[in-house]
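Working notes, beginning with the structure itself.
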Amino acid sequence: MWTGSEEYLCDMELAQAFHMARVIGMPLLIEGEPGTGKTELPLQFAKSLGLELHVYPVGSKSSVEQFVAKFDHVKYLRDSQVEILNAQREEKGLESKLSTGGRNTESLQDYVLRGPATKAFSSPNSVLLIDEIDKAPREFPNDLLYALSHRRLVMPESGETIEVSEEDMPAIVITSNREQELPTAFKGRCVYHYISFPPKETMHQIVAKHYPSMDEELQNKCINLFYQMRSLGLERAPATRELLSWIKYLASFEKAEALTKVTRADGMGVLIKNHQDLQKVKLKILGKNPYQN
Amino acid sequence: MFDQLPETFRSFKLNADVRTLLRLRQAMDKGLVSTLGDMFYVLKGLITTSPTDIGPFSKAFYAHFLDIDILPGEPLDKAILRSNAFKEWKDKLSSDEKEDIEDLELVDQFLDEVHLTSYDIKKFLDGKDILDKDDPSLKDKDAPGDNPASDRHHVLDRMADYRDIPLEELMRRMREVAKQQKTRHEGGDHWIGSGGVSPYGNGGAAAGGIRVGGAGGGKMARAAINNRDFYPADAKAPLGDDNVDAALAALKGIEEGSSEIILDVPLTIKEGLKQGGIFLPYEKEKRQQRIQVILMIDNGGWSMSPYIRVVQKLFAKMKTRFAHDLKTYYFHNTIYGGLYTDAARSQFAPLDKINLQDKNYTVFVIGDADMAPYELHRSSIRDWQKLSKHFKRMAWLNPMSEGEWYASMTCSVIKQIFPMFELTPEGIESAVLEMNKLKGNGW
């Protein structure tokens, strides 16, 4: 079982869920607050084991076509016109020919643009990340599931099939920020894991992984303030990612200076990204009236 | 005991069926389940589909595998203390092990053992060893002439790893043991039931021999049982801070209402090539995901005031998350020729101007529709009708419960103009479904 790497602290529960998903060949669906390391898991897994990684970032216009494979009709049209043109030139006795870039209109697979799924399925033991699936149009998750439910993909137009054996099946990780509820049928076919926000002790370990030489006092202060902010019930509570950026900023100063920066909560813009939240923090943690100065 | 599993979990309103069992079996075949703690994780991955499933799931798990029923609102520790599983487990401890230890500390230990996974066990004992020594044809403990050797490997059995033993073999032995079992028994490493190490019995995981450094099973379980975030919000309760996210999820169901016709380039080319280079255009429908929402809030009068804040919170979330085109209007009780664009109701927006907006807006009116009958006079009714004629997708959300609607005359009148729903997550969901049905009629 893979339990993380030098730079990445993998939560035990998550590691177990991931292991289980790989062993029984189901995709792993990870949900959780933004910035809790959902995307990091497959990235670090691939990196630490030296596996090939294929990423499909989902957006509002995502389609299974992009994900699996697409037939390039325009290029196909161009090349077929080029052929006619070349034939005409030959008739007229002209030597020069237009090139089709090595593509042949007779072989349709030359015009298939392979998406990340196809690429992952054709390289054994790779890692396939489908990032932020909650951003997708409604029908995408179910279409996706259909494509992934067999270990076989059929290329459009050319009819070529890409098959993968059970042993070589890529590890599939799907992440979601829960901005949209996913269909129940879809969730039912994934191994589900919800990343809860790490407790303080874990956060110390995470910070230590990123900044091993960080001063202990500074670290304590930062993390305490961070959890204090999270307890305020902000609209957009800061997450691990924000904390790490803030520490990165603080790390560029001498210890004494950094400490005063913590007490004054300098560089707050990294942690709090909403005007109302910022006022709340100023009022409740720093004891400042936000309407002054 | 697995036959009953889907049923138990379903009774906790979770999705579990035969497929769950098949997948569980698959996981067992692959050696993923060696302890009860493993079972917890594997089932959790297979059954839960949202954080709000985690609470019910944990309860179902305790009920099914340990016969521990957790009453609503009861802390996990208490439920464990009064359970048989815990008593039996405690009886099994030697007096040394439980001397001077508070019951609550023992609960910690109990939970750690229940949730001990095979990954937690750093040093495995050879599970095969135990099974070889264990004779499944042993008679039941209570039978006369019981073999005293049954407690022979008591220390060993507290840390068993069965992963090298094929599942079929384990199943076979379990069946044999089950046939033998006449009474409810305690302990021993070859019994199904609470206590023993059999990974298929109640309380199977036992780790007493070597304490694994802070597996933290208890901590995790308590967090899941006692945290409201891990339970579904009450969809029937009036909209409040607790279930505002459930309402938000319901609002996400609003479908995009626009579609336009565009040139289908791939089909045009394909057909054109078939025709030997004569390209006839083909068209297709293009759908756009666009959510446009108008809110009309009754913010006058004391009857509405408890709801204003939470309604605004709900739709503010909606605006930042997915409906960037959101307009809000205010009114008091009913409308006379227009609405107001500010909460103080000083900026008047005439109805004719509002009705110039895209008819594809989804409109929610939020109000109790309860007022003095003279307030809702004929011209005001006509104003509402004008709106409902222009905006095809329009619904009224009422914070009063449905039973109270009929007591109010004005409410009954308005209910004839707009489809009316309760201002609860469930009501909002029905409103959204109803409005989606209207799609295609209006344009």
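Where a number appears in this text, it was derived from the coordinates with a stated rule and is not lab data. Please read these numbers as outputs of a predicted model, since none were measured by experiment. With ideal geometry, Cβ positions are generated from the backbone for all residues, glycine too; neighbour counts draw on all protein chains shown.
Taking the charge dipole of chain A about its Cα centre, with +1 at Lys and Arg Cβ atoms and -1 at Asp and Glu Cβ atoms, the residue from A:LEU53, A:SER231, A:PRO34 reaching farthest to the positive side is A:SER231.
About its Cα centre, how strong a charge dipole does the range A:52-197 have in debye, to the nearest 20, once Lys and Arg get +1 and Asp and Glu get -1 at the Cβ?
320
Dipole of the range A:132-239 (Lys/Arg Cβ +1, Asp/Glu Cβ -1, origin at the Cα centre): which of A:ILE133, A:TYR192, A:ASN220 lies farthest to the positive side? The one lying farthest along the dipole's positive direction is A:ASN220.
Around the Cα centre of the range B:291-437, unit charges on the Cβ atoms of Lys, Arg, Asp and Glu (plus for the first two, minus for the last two) sum to a dipole of about 560 debye.
For the range A:55-177, the mean projected area of the C-alpha convex hull, equal to one quarter of the hull surface, is 8.8 nm².
Projecting the Cα atoms of A:VAL68, A:SER96, A:TYR8 onto the charge dipole of chain A (Cβ charges, centred on the Cα centre) puts A:TYR8 farthest toward the positive pole.
Our Cα-only numbers for chain A put the radius of gyration and Dmax at 25.5, 88 Å.
Sorted largest first, the spans of the alpha carbon positions of the range A:200-284 along the three principal axes are 35, 26, 17 Å. When Lys and Arg each count +1 and Asp and Glu each count -1, what net charge do the other residues less than 9 Å away from B:CYS411, Cβ to Cβ, add up to? Counting the neighbours of B:CYS411, the net charge comes to -2.
In plain terms, the residue of B:TRP405, A:TRP246, A:TRP2 with the fewest other Cβ atoms within 10 Å comes first and the most crowded comes last, giving A:TRP2, B:TRP405, A:TRP246. Size descriptors for the range B:368-427 (Cα atoms only): Rg and Dmax, in that order, 11.5, 33 Å. The Cα center of the range A:20-54 and the Cα center of the range B:407-439 differ in position by 44 Å.
Among A:ASN125, A:ASN86, A:ASN224, the largest mean-square fluctuation in a Gaussian network model of chain A, built with springs joining Cα atoms closer than 10 Å, belongs to A:ASN86. Whole-Hz Karplus values for the range B:294-305 come out as 10, 10, 10, 10, 7, 10, x, x, 6, 5, 8, 4 Hz, taken residue by residue from phi with 6.51 cos²θ - 1.76 cosθ + 1.60 and θ = phi - 60°; glycine and proline positions read x.
When each of A:ILE285, B:ILE68 is scored by the number of other beta-carbon atoms lying within 10 Å, the sequence from fewest to most is A:ILE285, B:ILE68. Stretching B:ASP3 away from B:ALA407 to a fully extended chain increases their span by 140.4 nm, per 0.36 nm per residue minus the current alpha-carbon distance. Proximity of backbone amide H atoms, modeled 1.01 Å from N, is registered between A:TYR56 and A:LEU129, A:ILE130, A:ASP131 at under 5 Å, excluding neighbours fewer than 5 places apart on the same chain. Counting other Cβ atoms within 10 Å as a rough exposure proxy, the listed residues A:CYS190, B:CYS411 run B:CYS411, A:CYS190 from fewest neighbours to most. Under 5 Å from the amide H of B:ASP264 lie the amide H atoms of B:TYR282, B:GLU283, B:LYS284, each residue being 5 or more positions distant or on a separate chain, with H modelled from the backbone and absent for Pro and chain starts.
Cα gyration tensor of the range B:291-437, axes a ≥ b ≥ c as square roots of the eigenvalues: rounded (a/c below 1.5), prolate (a/b > b/c) or oblate? Judged from the Cα gyration tensor, the range B:291-437 comes out rounded (a/c under 1.5).
Note on chain A: with charges restricted to the Cβ of Lys and Arg (+1) and Asp and Glu (-1), its dipole about the Cα centre is near 1120 debye. When the Gaussian network model of chain A links Cα atoms closer than 10 Å, the mean-square fluctuations of A:GLN205, A:GLN81, A:GLN279 top out at A:GLN81. If you line up the long axis of helix A:12-24 against the longest principal axis of chain A, both from Cα atoms, how many degrees apart are they, to the nearest 10? Helix A:12-24 sits at roughly 20 degrees to that axis.
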